[in-house]
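Working notes, structure below.
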Amino acid sequence: MSSIQAVAESYKVFNPRAYLQNNYVPPRADFSSEDSVMCWKLRRLHEACAKGEIKGHTLVDIGSGPTIYQLLSAFEHFQEVIMTDYLEINRQELKMWLNNEPGVFDWSPYFEYVCKLEGKGESWKEKQKRLRECVSRVIPVDIHQSSPLGREVASGSIDCLVSSFCLEACSPSLVAFHKALENVVGLLKPQGHFLWIGALEESYYLAGEARLSVLPVTEDMVKKALSKAKCVVREFSTYSMTPSMKVGVDDVSGIFFAWAQKDAAK
């Protein structure tokens, strides 16, 4: 991709349902196997949130896409959740789920798995109801703007951010990637938390007719970007895609999970 504008153009044919089918059903989301990539992601998020430090008033999910799994642990520790995406079609998909409309993607296995991780003996339906009630808004985001959420959310006002598979998928260059991260981190209060999941060494992925370019990043590149954005890395772990997880919809080699904290002085 030659420019941010070209990236935006490529997403005009993004198909949320195809993307969900490619990534959020077995084998990648096989809850009978602890080795599946989805189980790994949900465990990382659960373990970080279970430490008791990640809490506050407002949690913002940057580039939600058509997915909600990334919020299942963190949302419990906040009074308000704001979901965001650049694409109207993804925002509509999220609103349909929030309104419990017919035909939406079934996230119940995800809720069941996280409920087991939490070990409270709670019904997944109760957790699902709470998440729906906790989400106050689904709004546009542009990570390449200095104020990614415009007038909706002020810079320096957010307690915690979550983001998954957004920054590397929407940045045409390493320079743009660094700047996008700085823009996003700018939303956080000093010492605010950032839970970040992304792809390692991926150059493309498919979503229906769309073939989307991705900036191939390494673990070292991600850590350097966080440091440049004045974040302290609290935890960092990686997952190598096994042969069974490679299903022909992308060329990703692994996944990273980072729990970072914004510098107290910034």
DSSP beta bridge pairing in the chain, given as percent antiparallel to the nearest 5: 55 percent
Cβ crowding within 10 Å averaged over residues, with 175-181, 152-158 ranked highest first: 175-181, 152-158
Aspartates and glutamates with Cα under 17 Å of Lys120, excluding same-chain neighbours fewer than 8 positions away: Glu47, Glu76, Glu112
Within a Gaussian network of the chain (alpha carbon springs, distance under 10 Å), most fluctuating of Asp250, Asp61, Asp220: Asp220
Calculated FRET efficiency for the pair Leu206/Asp106, C-beta based, R₀ 22 Å, to 0.05: 0.55
Spin-label pair Glu80/Arg234, simplified geometry with 7 Å Cα→Cβ offset, distance in nm: 2.2 nm
Inter-label distance for Ser253 and Ala154, nm, one decimal - labels placed 7 Å from Cα along Cα-to-Cβ: 4.4 nm
³J(HN,Hα) computed for each position of region 15-30 - Karplus, 6.51 cos²θ - 1.76 cosθ + 1.60, integer Hz, glycine/proline x: 10, x, 5, 5, 4, 5, 5, 6, 10, 10, 10, x, x, 5, 10, 9
Rounded to whole Hz, the Karplus (6.51, -1.76, 1.60) HN-Hα couplings of region 65-80, x for glycine and proline: x, x, 10, 10, 4, 5, 9, 5, 8, 5, 4, 4, 9, 9, 7, 9
Length-normalised contact order of the chain in % [C-alpha pairs under 8 Å, at least 6 apart]: 21 percent
Nitroxide proxy distance, nm - points 7 Å out along Cα→Cβ at Lys129 and Leu98: 2.0 nm
Cross-link pairs beyond the 22 Å C-alpha cut-off, checked among Lys41/Lys246; Lys129/Lys262; Lys51/Lys246; Lys55/Lys95; Lys51/Lys228; Lys179/Lys223: Lys129/Lys262; Lys51/Lys246; Lys55/Lys95; Lys51/Lys228
Mean separation of Cα contacts under 8 Å (6+ apart) over length of region 10-85, as relative contact order %: 26 percent
Accessible surface of the chain, 1.4 Å probe, proportion on carbon and sulfur as whole %: 49 percent
Gained length - Glu118 relative to Ser147, 0.36 nm times residue gap less alpha-carbon distance: 6.9 nm
Fully extended contour minus Cα-Cα distance, from Thr218 to Ser33, at 0.36 nm per residue: 64.0 nm
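Accessible area per residue, 1.4 Å probe, Å², for the chain: what's the number?
Result: 42 Å² per residue.
The values are calculated or read from the model by the stated rules, or taken from the named source; none is laboratory data. Since the model is a prediction, treat every value here as computed from it, not as a measurement. Using ideal geometry, Cβ is built from the backbone for each residue, glycine included, and neighbour counts are taken over all protein chains shown. Accessible surface is based on the protein model in full, side chains and every heavy atom, while ligands, DNA and RNA are left aside. Shrake-Rupley method; radii C 1.70, N 1.55, O 1.52, S 1.80 Å.
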